[in-house]
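Read-outs throughout are calculated quantities, based only on the coordinates presented, and are distinct from any laboratory measurement. Bear in mind that the values here come from a model prediction, so they are computed numbers and not experimental data. All Cβ positions, glycine included, derive from the backbone under ideal geometry; neighbour counts span all protein chains shown.
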Amino acid sequence: MVLSIRSLTKSFPGTRALDAVDFDLAAGEVHALLGENGAGKSTLIKCLTGAYRRDGGEMVLDGQHIDPRSTVEAQDLGIGTVYQEVNLLPNLTVAQNLIFGREPRRFGLIDAATTRRAAREMLARYGLKIDVDRDLGSYSVAIQQIIAIARAVALSGKVLILDEPTASLDAREVEMVFDVVRGLRADGLGIVFVSHFLDQVFDLSDRVTVLRNGRKIVTAATADLSRVALIEHMLGRELEDEVETQSAEEPDADRPAFLRFEGYGRSGVVAPFDLGIAQGEVVGLAGLLGSGRTETAEMIFGVRPAQTGSARDMDGPLKLSSPAAAIAEGFGFAPEDRKTDGIVADLSIRENIILALQARRGWARPIGRAEQNRLAEDYIRRLDIRTTSREKPVGELSGGNQQKVVLARWLAMNPRFLILDEPTRGIDVGAHAEILRLIHELTEAGMAVMVISSEIDELVAVADRVIVLRDRSHVAELTGPRVTGDEIMRAIASEATDRRGQVPA
Amino acid sequence: MSLLGRIAPQLIALAALVALVSFFFPGFLSISYHDGRLVGPVIDVLKRGAPVALLAIGMTLVIATRGIDLSVGTVMAICGAVAASAIAGGLGVGPALLLALGAGALAGLWNGVLVAVVGIQPFVATLILMTMGRGIAQLITEGRILTFTDAGFAFFGSGMMLGLPVPAWMWLIAGLGTALLMRLSALGLLIEAIGINRRASALSGVNATVLLIAVYVASGLCAALAGIVVTADIRGADANNAGLWLELDAILAVVIGGNSLLGGRFSVTASLLGAMIIQTIDTGVLLAGFPPEYNLVIKAGLVLIILVLQSPRIAAEWRVWRETQRAPPPDRTRTEGGA
Amino acid sequence: MTRRALPLYATIAIFLLAFFLCWLQFPFILSTRVIGNLLTDNAYLGIVAVGMTLVILSGGIDLSVGSVIAFSGVFIAVMLRDTGLHPLAVFALLLAITTGFGAAMGVLIHRLAMPPFIVTLAGMFLARGAAYMLSIQSVPIQHPFYDVLQDAYWLMLGKGRLTLIGVLMLLSVALGMVIAHRTRFGISVYALGGGEQTARLMGVRQGRTIMLVYAYSGLMAGLSGIVFSVYTGSGYSLATVGTELTAIAAVVIGGTLLTGGAGYMFGTLVGVLTMGLIQTYIVFDGSLSSWWTKIVIGVLLLVFILLQKALLRLTRGSFSGEAG
């Protein structure tokens, strides 16, 4: 093994991002690292590349214990990384990027001719013949990725980490990058491949390790795993029994849709779809990361408005051209990334809760302080937000409580349709159950809710109906008794499996 | 936090400063009453501090949105020139005031559109007007110092009302009005929200674009008022020197007021106290018999101290240092976001 | 061909077009006399703009340079008046002071993690205040060595005078080109301007690079102060107010991206000459007033900022480096 990791542990305030994770990498192997957001993939990689210091466990590279403190140090040890966002400088030339920090010099000045020659030689190994004097930014992302790989390999040479390197590439480009990776594997490099595209994992990797909630779930040879089994490992099934009893209680009446989207889509983001939503209904959106779940929500909420199709309610067409317009139609949206899109960290709980309500009323009609206090206290009590005071800045709360504040912001608006993107991500088990319970309460009061989740059990628990997305289009709709973990899993896996014929019947 | 608690540091600083100046110049706090007007160094501070105080009002709002307005000094010159040429053209006081305010609003609108709609960084966007503004002002005055004798207009610079100089009334009323408007309406909250997290605010339905434009327009209007005061005081528009470097004093007043350059929570009242602290230093240095040359150096020192106090990195290191004192094995996590 | 060079070509095209239009009206403008004067009159601006270019390339800004130039002039004049030091010794002392001053600002910017414009704003106050404290009046410089400096020129064909300070400016630009384009330090500067995070990942020592960038700007501002004192023959603490803005404008009109990471040192020279040409035209014309200079410069500044904003939007699609 060129690299072995034992019992790696890393905690952040409130969460344990990695919990005694083991991971091995052989020379001449592509080892895929899989898991949904928050599973611990990126934490593992950051520990490996020195961006984070681990709390416990050990890492052994070529028989040596290592403890890199920076990416540069990890690189010197032999661990190179290529990220999803090309981590080179688009404003420098290809040659400058490749040779950066090791420029050949004559009389103290950079020797441009030798730099150029060295850069060309480096790229020749990868079969890339391009003008190295052009700005990196003027080339396609695929070529930039290959250049990034070339630089990482030249600087490190033992382990190459590919962190979602194909996220913004098309199929042909992916093949181009994979050819390069296969060549490096043949040269005996150990390669860690992080991706959420299962096709690519089956295509490229020799072994797979799945992480979930900071724990290692399984390591297996790729050939021994079926697609369904892999998805099952990634999404988890522990809650299923408890959950199915809940959804069975739900009478499966055909309620009339009060919101209707027809041919709703945006090119390159989400393929046009039809969707009707009934009052008091919970619609779940299932699919793997990057399947178009969040994009669907953002389109409906006017963040990136639809280009085709129409949205209407019983009274006529809806205008959903911006978040403000969507809010005016009675929509609400609690985004996935609470920190950047949800909370306003320095404002108090009270101010965060009334923000959307105040924005709708306009600046000239402020909500009275007494009313603000009442609203805040009310939601702190109803949602059981754990805080010493309603005046505490939201940034100081734990993740679960921050999420409740964002929910409270929308509940205070009394919306008719609420979109929750990963409402339970990164929050503890207790808060998790509370939020699911809350969703039930809301729908009983007549609100329609759309829940996006990468935890299938969660969808089974709350959703009356589940839309399955794959490759940025809606591929299946499951209702009533078909809303089960197995069905959802099969629908997520189906399209691709048809092609590959790997699914057990 | 209560208002008093918020402005306590500024009040204490001002009191200490007054005490210090009084030590060198014992008559600093003495106020006498002559022919219906109050006279004394403190009254002088209130009057002379008016331009910076007025600018600081608008600058506070701009900085609260995580922006900056470098053009206010030149906008003062433009508005002063507009007012003076209107008076000199025989338009009368009312139209002159309206034209000057209109010019200020227009300048603010220009900055606001560049920042909020075109998406240029605030400091770059306002640099454009800062560079060409004096040229525009000179174009209006045709390169001369445009003087006038209209006593009605001069009232806004050197007049007295209820015992106090009119410029002092102007910043007091404008400042109080703005502070009340911000806190009695929801404007204050919405401005702070977009300053802290524009994206999250927009997702909550806050119209960040319009608000951003509005604060730059407010800053332009404040600059217009400051320009009117300066022009009326010297009974002439000096396109070259009116408002020179005052943008810096205004920014300084805002940061002395404890407002973060990184946006968010703000207090107009604290900024006004900041402006008075600056003016007390200016006047105090003069009265205490020091050469006025020291002013700039003192201000530079002040900026540095405040920068150290506000620095996010220093604050983070201080926290790390304190934690290491408590728990020996240090954990130097980077600030690159969570898992 | 690189899209990044587009603003540079635009700069050169604008300069040539402007020169051509001037020539149509005043054929005399195409003479070594006028060109020699253009270099001499803008020597101090060109030198300070070289330092500013490097600062802006790194993603920063230096608002202190105008004050540093004024300080330099007063410092030289007072030292020559009050001490027996030779001007060359005074120059060396001055350059050490201004370089150290710049370095100190660089250290503060990095250590405090505060926006450069506010730190250099404090530097602007400090340098201007220091100049006031030395002398509030204009101090004439009377030293035989200064007479030599002021009278040093090479006669070009057509009786144009290529003065010493004009040559110094061209040399500064050449040195700046070498530093920016041919040293590891220069590439680190571009890297920082392209994206701090990425630059750090690639191994740029950020603190050291930022310190050196502002030290270099301080050095250039000091040199510019020397040149300005030779040009005016005096030191005055109220001189060169707003020169930092003119220098920034010259850099941007020279095609350098105001947010950093892209641009050419040579473009700055063209930018300075463009601004000098505008002034020359206004002087030649006689009927136009001097304020048009500022307005035209402001308009050019706007045009270039918008042009670069548009270019950035265009390229945003093809690279996903550090957006916004």
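For B:K47, which aspartates and glutamates qualify as cross-link partners when the Cα separation must be under 12 Å and same-chain residues fewer than eight apart are set aside?
Straight-distance partners of B:K47: B:D233.
Mind checking which lysines have their Cα closer than 26 Å to the Cα of A:K158? Skip sequence neighbours fewer than 8 apart in that chain.
Counting by Cα, and skipping residues close in sequence, A:K158 has these lysines nearby: A:K10, A:K41, A:K46, A:K129, A:K216.
Evaluate the relative contact order of chain B (contact order divided by residue number), counting alpha-carbon pairs under 8 angstrom at least 6 apart; express in whole percent.
Contact order relative to length: 31 percent.
When the distances between all Cα atoms of region A:240-500 are binned every 10 Å from zero, what whole-number percent does each bin get?
Bin by bin from 0 Å, the calculated values are 7, 31, 36, 21, 5, 1, 0.
For region B:121-238, with the dipole built from +1 on Lys and Arg beta-carbon atoms and -1 on Asp and Glu ones, taken about the Cα centre, which of B:G227, B:T141, B:G159 lies farthest toward the positive end?
B:G227
Taking the Cα centre of chain C as the origin and placing charges on Cβ (Lys, Arg +1; Asp, Glu -1), which of C:M133, C:P116, C:L63 is farthest toward the positive end of the dipole?
Positive-most Cα among the choices belongs to C:P116.
How far is helix B:246-256 tilted off the main Cα axis of chain B, in degrees rounded to 10, range 0 to 90?
Taking Cα atoms only, the helix is inclined about 40 degrees.
May I ask you to list, by number, the DSSP H helices of chain A whose Cα span along the axis is at least 15 Å and whose average Kyte-Doolittle hydropathy reaches -1.0 or more? Mind dumping the intermediate values first?
Working: long enough: A:112-124 (18 Å, -0.28); A:141-155 (21 Å, 1.85); A:171-186 (22 Å, 0.28); A:349-361 (19 Å, 0.05); A:369-382 (19 Å, -1.78); A:399-411 (18 Å, -0.22); A:429-444 (23 Å, 0.36); A:485-500 (22 Å, -0.82).
The answer, listed by residue number, is A:112-124, A:141-155, A:171-186, A:349-361, A:399-411, A:429-444, A:485-500.
Looking only at trypsin sites (Lys or Arg not before Pro) in DSSP loops with at most 14 other Cβ atoms within 10 Å, what is the longest site-free stretch of chain B?
B:145-331
Averaged over peptide A:339-345, how many Cβ atoms belonging to another chain are found within 10 Å of each residue's Cβ?
Neighbouring Cβ atoms belonging to other protein chains average 6 per residue here.
Evaluated at 25 °C with a viscosity of 0.890 mPa s, what Stokes-Einstein diffusion coefficient in µm²/s does chain B have when Rh comes from the Kirkwood expression over alpha-carbon pairs?
117
Report, in whole Å, the centroid distance computed from the Cα atoms of region A:59-94 and region B:131-197.
Here the answer is 55 Å between Cα centres.
What is the mean number of Cβ atoms from other protein chains located within 10 Å of the Cβ atom of each residue in peptide B:310-316, rounded to a whole number? Intermediate results must be reported in sequence, preceding the final value.
On the way: counts 3, 5, 3, 5, 4, 1, 1.
Whole-number average of other-chain Cβ neighbours for B:310-316 is 3.
Is any residue of region A:367-385 close enough, with backbone N under 16 Å, to a label point placed 7 angstrom from the Cα of A:E441 along the Cα-Cβ axis, and if so, which?
A:375-385
In nm, to one decimal, how far is the A:R386 label point from the A:R117 one, both placed 7 Å along Cα→Cβ?
6.6
Normalised by the number of residues in region C:49-185, what is the relative contact order in percent for Cα pairs under 8 Å and 6+ residues apart?
Relative contact order for region C:49-185 comes out at 32 percent.
Could you work out the helix-only [θ] at 222 nm for chain B, with each DSSP H run of four or more residues adding -39,500 (n - 2.57) and the total divided by the number of residues, to the nearest 500 deg cm²/dmol?
-23000 deg cm²/dmol
Subtracting the Cα-Cα distance from 0.36 nm times the residue separation, let me have the gained length for C:A174 to C:A113 in nm, one decimal.
Values: separation 61, 0.36 × 61 = 21.96 nm, distance 3.19 nm.
Between C:A174 and C:A113, full extension yields an extra 18.8 nm.
What number comes out for the charge environment of B:V255, summing +1 per Lys or Arg and -1 per Asp or Glu over other residues with Cβ under 12 Å away?
0
Around B:V308, under 13 Å between beta carbons, what's the net of Lys plus Arg minus Asp minus Glu among the other residues?
With Lys, Arg at +1 and Asp, Glu at -1, the net is +1.
So, with +1 on the Cβ of K and R and -1 on the Cβ of D and E, and no other charges, what is the size of the charge dipole of the protein assembly as shown about its Cα centre, to the nearest 20 debye?
Working: 96 positive and 99 negative charges, 614 e Å.
Dipole of the protein assembly as shown, to the nearest 20 debye: 2940 debye.
Take every DSSP beta bridge with both residues inside the protein assembly as shown and express the antiparallel ones as a percent of the total, to the nearest 5.
Here the antiparallel bridges make up roughly 60 percent for the protein assembly as shown.
Would you be so kind as to identify all helices of chain C, as entire DSSP H runs, whose Cα atoms reach 24 Å or more along the helix's own axis and whose mean Kyte-Doolittle hydropathy is at least -1.0?
Qualifying helices: C:6-25, C:65-82, C:87-112, C:116-134, C:164-182, C:206-232, C:265-285, C:291-316.
Go ahead and run the numbers for FRET between A:D199 and B:L3, Cβ-Cβ distance against an R0 of 51 Å, rounding to 0.05.
Working from the Cβ atoms, E equals 0.25.
Among residues other than B:S158 whose Cβ falls under 13 Å from its Cβ, what is the net charge (Lys/Arg +1, Asp/Glu -1)?
Charge balance near B:S158 sits at +1.
For Cα pairs less than 8 Å apart in space and 6+ apart in sequence, what is the mean separation divided by the residue count of region C:3-312, i.e. the relative contact order in percent?
Computed value for region C:3-312: 36 percent relative contact order.
Which order do A:H65, A:H474, C:H110 fall in if you start with the one that has the fewest other Cβ atoms within 10 Å? Let's see the in-between values first.
Details: A:H65 8, A:H474 22, C:H110 19.
With the fewest neighbours first, A:H65, A:H474, C:H110 line up as A:H65, C:H110, A:H474.
Tell me, what is the FRET efficiency for C:F26 and C:L311 to the nearest 0.05, using R0 = 30 angstrom and their Cβ-Cβ distance as r?
Efficiency for this residue pair is about 0.30.
What FRET efficiency comes out for the pair B:T209/B:L176, r = Cβ-Cβ distance, R0 = 30 Å, nearest 0.05?
Approximately 0.60, to the nearest 0.05.
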